[in-house]
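Worksheet for the structure shown next.
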Amino acid sequence: MQFEPQLHKLSNGLTVILDPMDLETVNVKVLFRTGYRDEKPNEYGLTHFCEHMLCKGTSRLPDKKLIDDYFDYYSGTHNAVTGNTFLGFYGRILAENIEKLVDFIGDQLGNSLFDPKKIEIEHGVVCDELRRALDNPLRQYTDFISQTLFNYATSSLRGLGTFELINSFNRDQIIEFLSRRLSAKNCIICVSGKIYDTDKLLKYIEKTFAFLPSIDVPENDAIEYTPAIAHNSKPDNKNVKIRIFFMDKCGNDYDALYQNYCVGNFERYVIHELIQTIRYKNGLAYGFAGTYCGNEKLMLNGFSTETSSINMEKCIALIAKTAYRVYTENKINTDDLDRMCRSRKLSRADFLESAGARCDKLISFYRRYNRLYDFYTLNKMFDSATVDDVIKYSRGYFDGPISIITQGADFNADLGTVWRENFK
């Protein structure tokens, strides 16, 4: 399936990406460059709360039943999402009804009622969401990492707010907050799927979102990293989750994509060797994977697994020994690299065949790099990677400070010392 997206800049500063596909449906996503990290301390959780309230009815469709009936009639779906760096609204609909989906999202953003009674109800709903998040072990782990390494600068439970703040949000505050955070200048709209008439669709989008102000919206990308060896104690757990992080050495801008791809191949090779050692030769863990955290200014990469508390010292020692061996022996060869490249062919085919995946990739790539995602050029560049470049760009991978963040059952091993004594 062809991939020929087009980038359009509208008169009010709105960015529109149109991605035609030979389908019967169309995916639409409207994303604003504003998220948890842009909130002031008295606003923690407000972006997420606004997402909820922007889905609770407009003057035209004032309640959920009417909204559901609307999408049932036009054969579509809709939803919304909030993240550390974005607030998004999206949906899928029969291509012949694309204007109905565009109109609905525009109506959400421009004409939501923010009914005080529904705000009060949503206080309880979001508080329940926070309780569930606080009870979720993975969310606890992610939050502990964000707190320990980045002082909450990365995505964390802070994005949901506190019970006190959630219950304090009111209509006036919501309206004032959105007036500062939503702009044509920080908005990206992507359409992937059947597009009958490009010019007509662009005009409809421009008209529908004409209410958005053309104001500058600052983004808070400040981040400080404090390396740490830290444990989040969960005495009732049977296992210990382990994440080992190293400083990204190539940077996160567009020009570093090839270097990061090469480093990624090195990481995949190390992980392949670690799986053989940790799982198949020693039976210490069920699985092993790569991991990362940070933001576009500073990224950490590394490895993730979990094991019993009694196996912690042995597991970390074997990870260190294996990583050092792979790093110093440089045994990755052309066959290894070809195998890793071949394994990506299916995911590339999935991308070309999925309007949802294409829409998400196009909009996230533009949000990060301010340019259109070029599938063919980038994959041609990635496929040109050589073993020499993988080795070249992975030099220094382990040279910077290490962080080992664990969660679960308690253990006695000094993991920093274990690593240092075995990474040789």
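The values are calculated or read from the model by the stated rules, or taken from the named source; none is laboratory data. It should be emphasised that the depicted structure is a prediction, and the values quoted were computed from it without experimental measurement. For neighbour counting, all protein chains shown are included, and Cβ atoms are generated from backbone atoms with ideal geometry for every residue, glycine included. Note: accessible area is taken over every heavy atom of the protein model, side chains too, but ligands, DNA and RNA are not part of it. Shrake-Rupley method; radii C 1.70, N 1.55, O 1.52, S 1.80 Å.
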Gyration tensor on Cα atoms of the range 107-152, a ≥ b ≥ c root eigenvalues, a/c under 1.5 rounded, else prolate if a/b beats b/c, else oblate, says prolate
Among the Cα-Cα pairs of the range 111-255, the proportion with separation greater than 20 Å, in percent, is 69 percent
Here the residues of the range 97-120 lying in the modelled label zone of TYR204, meaning backbone nitrogen under 13 Å from a point 7 Å along Cα-to-Cβ, are 97-106
Contour minus Cα-Cα span, ARG348 to ILE121, at 0.36 nm per residue, comes to 77.4 nm
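Could you give the alpha-carbon Rg of the range 274-375 over 2.2 N^0.38 Å, rounded to two decimals?
Details: Rg = 18.1 Å, N = 102, 2.2 N^0.38 = 12.8 Å.
So the range 274-375 has a normalised radius of gyration of 1.42.
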Summed over the other residues with a beta carbon less than 12 angstrom from that of LEU109, with K and R at +1 and D and E at -1, the charge totals -2
Heavy-atom accessible area of GLU273, protein chains in place, probe 1.4 angstrom, given in Å² to nearest 10, is 30 Å²
Gyration tensor on Cα atoms of the range 49-177, a ≥ b ≥ c root eigenvalues, a/c under 1.5 rounded, else prolate if a/b beats b/c, else oblate, says prolate
Expressed per residue, the solvent accessible area of the chain in Å² (1.4 Å probe) is about 47 Å²
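From the alpha carbon gyration tensor of the range 189-248, can you work out the equivalent ellipsoid semi-axes (sqrt of 5 times each eigenvalue) and give them in Å, largest to smallest?
They are 48, 20, 13 Å, listed from largest to smallest.
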FRET efficiency for LYS424 and THR334 from the Cβ-Cβ distance with R0 = 25 Å, rounded to 0.05, comes out at 0.30
For the chain, the Kirkwood Rh over every pair of distinct alpha carbons, in Å, works out to 23.8 Å
A 1.4 Å probe over the protein heavy atoms gives the range 297-424 a carbon and sulfur accessible-area percentage of 48 percent
With a Förster distance of 41 angstrom and the Cβ-Cβ distance between GLU99 and ASP383, calculated FRET efficiency to the nearest 0.05 equals 0.55
Order by accessible surface, 1.4 Å probe, largest leading, for residues ARG132, ARG180 comes to ARG132, ARG180
For LYS392 and ASN111, extending 7 Å from Cα along the Cα-Cβ vector and measuring point to point gives, in nm, a value of 5.8 nm
The local net charge around LYS40, scoring Lys/Arg +1 and Asp/Glu -1 for residues other than LYS40 whose Cβ lies under 14 Å from its Cβ, equals -1
For LYS194, counting only lysines whose alpha-carbon sits under 22 Å away and dropping same-chain residues fewer than eight positions off, the answer is LYS9, LYS29, LYS100, LYS203, LYS207, LYS361
For LYS314, counting only lysines whose alpha-carbon sits under 29 Å away and dropping same-chain residues fewer than eight positions off, the answer is LYS234, LYS238, LYS241, LYS249, LYS281, LYS331, LYS424
Amide H contacts under 5 Å for GLU296, restricted to residues at least 5 apart in sequence or on another chain and with H modeled in the peptide plane, are none
From highest to lowest solvent-accessible area (probe 1.4 Å; ligands, DNA and RNA excluded), TYR196, TYR286 read TYR286, TYR196
Summed over the other residues with a beta carbon less than 13 angstrom from that of GLU219, with K and R at +1 and D and E at -1, the charge totals +3
Row for the range 356-412, column shape: gyration tensor on C-alpha, a ≥ b ≥ c, rounded if a/c < 1.5 i.e. under 1.5, prolate if a/b over b/c, else oblate; value oblate
Contact order relative to length for the range 64-170, counting C-alpha pairs under 8 Å separated by 6 or more residues, stands in percent at 20 percent
Working note, the range 1-59: Cα radius of gyration (Å, one decimal) and Dmax (Å, whole number) are 16.5, 48
In whole µm²/s, the translational diffusion coefficient that Stokes-Einstein assigns to the range 216-309, given a Kirkwood hydrodynamic radius over C-alpha pairs, 10 °C and 1.306 mPa s, equals 103 µm²/s
